[in-house]
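Read the structure below first, then the notes.
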Amino acid sequence: MSDAERKQRAEARRQRMVIAKAAFGVEPRDDVVGAPAVSLATQLSRTAWALSGRPFPGYSRSEIPIRFVARD
């Protein structure tokens, strides 16, 4: 896939991506966080990993090293 095709796909995603903020069971308000905010969060996350000096995780979501701990 060419760089131009990747940019075109990314732009198409940006045009349709919208995240509505609302409390559970409450209709969403009109203030919507769109693609620029999601993009910024992605950039900041990658930068934080790079600054930590640790390699970026290469595992899939199903392999994420987590454990659930019961609350008392």
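The values are calculated or read from the model by the stated rules, or taken from the named source; none is laboratory data. A quick note: this is a predicted structure, and the numbers were derived from the prediction, not measured. Accessible surface is based on the protein model in full, side chains and every heavy atom, while ligands, DNA and RNA are left aside. Shrake-Rupley method; radii C 1.70, N 1.55, O 1.52, S 1.80 Å.
Need the failing condition index for A48 against (1) modelled with pLDDT of 80 or more; (2) not in a helix (DSSP H, G or I), just the number.
(2)
Mind checking which residues of region 12-24 are open to solvent by 80 Å² or more (accessible area, probe 1.4 Å) and at pLDDT 75 or above?
Step one: list which residues in region 12-24 are open to solvent by 80 Å² or more (accessible area, probe 1.4 Å), which gives 13-16, 18, 21, 24.
Across region 12-24, the qualifying residues are R13, R14, Q15, R16, F24.
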